[in-house]
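Here is the structure we will look at, set down as structure tokens.
The values are calculated or read from the model by the stated rules, or taken from the named source; none is laboratory data. Since the structure is predicted, the reported quantities are computational estimates derived from the model, not experimental observations. Ideal geometry is used to build each Cβ from the backbone, glycine not excepted, and the neighbour counts take in all protein chains shown.
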Amino acid sequence: MNRNTLLVSLGFMSVFVLAVTTTDMINTTGNKIGLILAEAQQLASGVTVGNNTTMGSSVTVGNNTTMGSSVTIGDNTTMGSSVTVGNNASIAENTRIAQGASIGDNTRIAQGANIAENAKIGRGASVGVGASIGGGASVGGGANIADGANIGGGASVGENTRIAQGANIGG
């Protein structure tokens with residue numbers, strides 16, 4: 001551990017506090033990773049983080065969540081347990097990703113988006129500001145979900161599909 005890091009154990013969770021300026025941290029499963037943290041992250045047990053990943057302030061990550069390499073997580077973002085985030089994904093601030101959701105490689109999730117339980121976002125997809133993806137919904141690779149759109153639970157959006165701003169699909 002870098003001497004600029006304070007690790008406090010609170011039962012099942014570990015809380016990282018203070019600014020971290022190193023890219024040689026230890027994740028909660030004991031493997032070396034490349035990780036840059038801002039302030040007050042909460043990383044639960046079994047979290048795996050790839051190289052060159054950056055997390056903003058007040059990020060919470062649930063048990064057994066896996067993030068690929070070069071992932072960016074914005075401030076005040078919450079991820080549930082067993083979430084998978086692919087390589088080069090970008091998740092903006094104030095975003096909520098529920099348990100079991102899957103975010104593909106090269107995916108962009110904009111500010112304030114809500115990804116519900118077990119939703120799947122394909123490779124290279126984009127989810128707009130304040131958009132909502134319902135539980136069990138599937139968004140195909142390269143799809144573009146515009147700002148404020150709502151994809152209902154269980155709905156399926158095909159690859160390279162564009163959903164208009166404020167649209168309501170399925171559910």
When both residues are 6+ apart or on different chains and their Cβ atoms are under 6 Å apart, which pairs have a first residue that lies in segment 142-171 and is crowded, with 17+ Cβ neighbours inside 10 Å, and a second that is of a type in the set (D, E, K, R)?
-> 142/159; 144/162
Selection count, segment 118-156, where residues are closer than 23 Å to residue 80 by Cα and part of a strand (DSSP E or B) = 12
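Restricting attention to strands (runs of 3 or more DSSP E) lying wholly within segment 25-101, give those where 2 or more residues are modelled with pLDDT under 90.
Details: elements: 35-37, 41-44, 53-55.
Ranges flagged: 35-37, 41-44.
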Count of segment 76-111 residues which are surrounded by 19 or more Cβ atoms within 10 Å (Cβ to Cβ) and within 14 Å of residue 147 (Cα to Cα) | 5
